[in-house]
1. Mark the label point 7 Å from the Cα of residue 43 along Cα→Cβ and return the residues of segment 96-133 whose backbone N is within less than 11 Å of it.
2. Residues of segment 28-70 with the amide nitrogen closer than 19 Å to a label point 7 Å from the Cα of residue 92, along Cα-to-Cβ, please.
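Since every read-out is calculated from the coordinates, none of them should be taken as a lab result. What you see is a predicted model; the values in this text were computed from it and never measured. Cβ placement follows ideal geometry from the backbone for every residue including glycine, while neighbour counts extend to all protein chains displayed.
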């Protein structure tokens, strides 16, 4: 059982930081309409969503497409190879996949990186569910 200064996060005990949930948001923070879908990494500035001093964020994501193998990958800023990133794929046509990822961020540079398949995707919706400081 964690103490008052500890939390269970993803099955492990995290000491010394605090999670803030966003509550009932009314819209997605980033969708395919605001993304560049070309297979290369792009920045997503989240400084207008999370406060300075944030060390990691919990990102919700949904993706759907008529094709199999479409993807979105997320990482902290600066990754170019996206090997050590969080990925979501369309595994079945026209079925929406949901997931959430915990992504570390530089507390002084609140930027995430994303990459997608180099093609149009029917639905991509990203939203910050909360953050740790």
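1. Backbone N within reach: 109-113.
2. Once the point is set 7 Å along Cα→Cβ of residue 92, 61-70 turn out to lie under 19 Å by backbone N, inside segment 28-70.
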